[in-house]
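J.: Pasting a structure below so you can have a look.
A short reminder: the numbers here are calculations on the coordinates, not readings from a lab. Predicted model, so just to flag it, every value in this text is computed and none were measured. As a convention, Cβ positions derive from the backbone with ideal geometry for all residues, glycine included, and neighbour counts pool all protein chains shown.
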Amino acid sequence: QVQLVESGGGLVQPGGSRRLSCVVSEDIRTMYAMAWYRQAPGKQRDLVARVVNRGSMFYADSVKGRFTISRDNTKNTVDLRMNSLLPEDTAVYYCSVEKNGIDYWGQGTQVTVSA
């Protein structure tokens, strides 16, 4: 069972930055893909950014140019760097990895963008 633990959430002012980190319990080089999702109150969980093991990346249109997903194979971490944050970025952010066709999820970390 792959375990994921997110950290880095909190309250940030509009225009500010935040870095979320996800520690994975297994070697991330064995994962097919790693991703960050978010879920705002009353809304569905949406894909924010995704990186496939071979390197291709995807970003939701709403975060392109502001968010960056990155991985560190030596630390087994997947980070999400968020810049120019907007109130509409407020959500619970979830880390996810796919291994052997199975998706694994973290518990989520709350990001609130407010003055």
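J.: Rounded to the nearest 20 Debye, what is the dipole magnitude of the chain about its Cα centre when Lys and Arg each give +1 and Asp and Glu each give -1 at the C-beta? Present the calculation step by step, with values, prior to reporting the outcome.
T.: Details: 14 positive and 11 negative charges, 42 e Å.
Around 200 debye, computed over the chain.
J.: Need the full-extension length gain, W105 to A40, defined as separation in residues times 0.36 nm minus the C-alpha distance. One decimal, nm.
T.: Values: separation 65, 0.36 × 65 = 23.40 nm, distance 1.67 nm.
Length difference between fully extended and current span is 21.7 nm.
J.: Could you grab the relative contact order for the range 11-115? Cα pairs under 8 Å, six or more apart, rounded to a whole percent.
T.: Working: 223 pairs, mean separation 39.1, N = 105.
Worked out over the range 11-115, it gives 37 percent.
J.: For the range 47-115, with only Lys/Arg (+1) and Asp/Glu (-1) charged at the beta-carbon, what is the dipole magnitude about the Cα centre, in debye rounded to 20? Provide the component values of the computation, followed by the final result.
T.: Values: 8 positive and 7 negative charges, 53 e Å.
Rounded to the nearest 20 debye, it is 260 debye.
J.: Just want the answer: with Cβ charges of +1 for Lys and Arg and -1 for Asp and Glu, which residue in V63, Y94, S114 is farthest toward the dipole's positive end in the chain?
T.: V63
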